[in-house]
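Down below is the structure, laid out as structure tokens.
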Amino acid sequence: MSTVKERLETIEQRVKEACERSGRSRDEVTIVAVTKSVSVERTKEVIDASCFHLAENRPNGFRNKVEALGTDERLTWHYIGNVQSRQVKQFIDEVDVIHSLSTESVAKQIDKRADRVVDCFVQMNVSGEASKSGLTEDEVVPFIEMLEQYSNIRVIGLMTMAPYDASEEDIRNVFVRLREQRDRIQEKQFEHAPCTQLSMGMSNDFEIAIEEGATHIRIGTALVGKESEEMK
Ligand SMILES: *Cc1c(COP(=O)(O)O)cnc(C)c1O
């Protein structure tokens, strides 16, 4: 078993090469460590390896990590999971970036409960899989237009998940389509939705995502492994 530090070095190398292949600068891509299935101890190894962007997908897991590590000012806290509106209050005070906004009821809660403007990605379901949440290509622009009334929400970009065991071609197609939607929204120059960023790519597909323009890759198992007994 390699250490988290060694794993991060390997990922870093692969990120750098994907950036070079696609003529992008390394600093356009942020590695977000998904610590949802590992302990606080393992998460500390991520921080010690100098990765300061952490992501959780459940309110409990988020609270657990924030309570243990939240005083570390170097950290940026990402929320990536499906959200129900009644859960927003459990993480809104500490969260820096929400990746999974796709309903008006959640937007309303964020707006009501936040004491500042919160950076959000709007989640899309580009692949159309029934199991995934997120908006379709027809829904996304009206949704973002609707968000204008919620002054504590800034849409910094779009997020999606590619199908897990699809072909490289199908995965790439999902990322291309997300980028096209991002470009289309960015062109509209909404003040509340600059929409310059793309949160896409996970352990098994982050290089394709970078080649197609990802600005945030969300890496779990490739970086921290799995500690299923600690799962919460
Ligand atoms: C779990 C999760 C990830 C990380 O997945 P890995 O395959 O472990 O890298 C990324 N994004 C979301 C939304 C997740 O729920």
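Report the residue count in the range 25-41 for those that are in contact (Cβ under 8 Å) with a residue 40 or more places away in the chain, farther than 13 Å from residue 61 by Cα and either among the small types (Gly, Ala, Ser) or surrounded by fewer than 18 Cβ atoms within 10 Å (Cβ to Cβ) (or both).
Taking the range 25-41 and keeping what is in contact (Cβ under 8 Å) with a residue 40 or more places away in the chain, we get 28-39.
Filter once more, keeping what is farther than 13 Å from residue 61 by Cα: 28-33.
Those still in the list that are either among the small types (Gly, Ala, Ser) or surrounded by fewer than 18 Cβ atoms within 10 Å (Cβ to Cβ) (or both) too: 28, 33.
Matching residues across the range 25-41 total 2.
Return the total of residues in the range 47-85 being within 15 Å of the ligand (Cβ to nearest atom) and out of contact with any Leu (no Cβ under 7 Å at 6 or more places or on another chain). Show your work before the answer.
Let us first name the residues in the range 47-85 that are within 15 Å of the ligand (Cβ to nearest atom), namely 51, 53-62, 65, 77-83.
Now narrow it down to the ones that are out of contact with any Leu (no Cβ under 7 Å at 6 or more places or on another chain): 53, 55-62, 79-83.
Total meeting the criteria: 14.
Please find, within the range 188-227, the residue that is surrounded by the fewest Cβ atoms within 10 Å (Cβ to Cβ) out of those that are within 15 Å of the chain's Cα centre (by Cα) and at positive phi.
213
Which pairs do you get when a residue that is in contact (Cβ under 8 Å) with a residue 24 or more places away in the chain, found in the range 54-83, comes within reach of a residue that is of a type in the set (Asp, Glu) and assigned to a strand (DSSP E or B), reach meaning Cβ atoms under 8 angstrom, with the pair 6+ apart or on two chains?
Listed by first residue and then by second, the contacts come to 62/56; 65/56; 78/56; 79/56; 80/56; 81/56.
Residues of the range 164-206 being outside any helix (DSSP H, G or I) and either among the aromatic types (Phe, Trp, Tyr) or in contact with an Asp or Glu (Cβ under 6 Å, 6 or more places away or on another chain) (or both), which ones? Explain how you work it out, then say what you get.
Taking the range 164-206 as the starting set, the residues that turn out to be outside any helix (DSSP H, G or I) are 164-167, 188-205.
Within the range 164-206, 164, 190, 192 meet the criteria.
Could you please let me know if residue 154 is at pLDDT 95 or above, more than 16 Å from the ligand (Cβ to nearest atom), surrounded by fewer than 22 Cβ atoms within 10 Å (Cβ to Cβ) and part of a strand (DSSP E or B)? So that I can check it myself, show each step before the final result.
Values: at pLDDT 95 or above: yes; more than 16 Å from the ligand (Cβ to nearest atom): yes; surrounded by fewer than 22 Cβ atoms within 10 Å (Cβ to Cβ): yes; part of a strand (DSSP E or B): yes.
Judged against the criteria, residue 154 is a match.
Mind checking which residues of the range 34-46 are hydroxyl-bearing (Ser, Thr, Tyr) and either within 13 Å of the ligand (Cβ to nearest atom) or out of contact with any helix residue (DSSP H, G or I) (no Cβ under 8 Å at 6 or more places or on another chain) (or both)? Break it down into steps so the answer makes sense when it comes.
Residues of the range 34-46 hydroxyl-bearing (Ser, Thr, Tyr): 35, 37, 39, 43.
Across the range 34-46, the qualifying residues are 35, 37.
Does residue 222 satisfy the criteria of being farther than 14 Å from residue 30 by Cα, within 16 Å of the ligand (Cβ to nearest atom) and among the small types (Gly, Ala, Ser)?
It is true that residue 222 is farther than 14 Å from residue 30 by Cα, within 16 Å of the ligand (Cβ to nearest atom) and among the small types (Gly, Ala, Ser).
When you go through 126, 106 one by one, which is the residue that is within 24 Å of residue 201 (Cβ to Cβ), touching a residue at least 12 places away in the same chain (Cβ under 8 Å) and outside any loop (DSSP other than H, G, I, E, B)? Lay out the reasoning, then the answer.
Numbers: 126 fails: outside any loop (DSSP other than H, G, I, E, B).
Only one candidate passes the filter, namely 106.
Counting only residues that are among the hydrophobic types (A, V, I, L, M, F, W, C) and more than 16 Å from the ligand (Cβ to nearest atom), which one in the range 185-214 is nearest to residue 33 (Cα to Cα)?
Just the residues of the range 185-214 that are among the hydrophobic types (A, V, I, L, M, F, W, C), to begin with: 185, 190, 193, 195, 198, 200, 202, 206, 208-210, 214.
From what is left, the residues that are more than 16 Å from the ligand (Cβ to nearest atom) are 185, 190, 193, 195.
Working: 185: 27, 190: 30, 193: 25, 195: 22 Å.
Among those that are among the hydrophobic types (A, V, I, L, M, F, W, C) and more than 16 Å from the ligand (Cβ to nearest atom), it is 195.
The values are calculated or read from the model by the stated rules, or taken from the named source; none is laboratory data. In this text, all values refer to a predicted model and were calculated from it rather than measured experimentally. Neighbour counts are summed over all protein chains in view; Cβ atoms, including those assigned to glycine, are modelled from backbone coordinates with ideal geometry.
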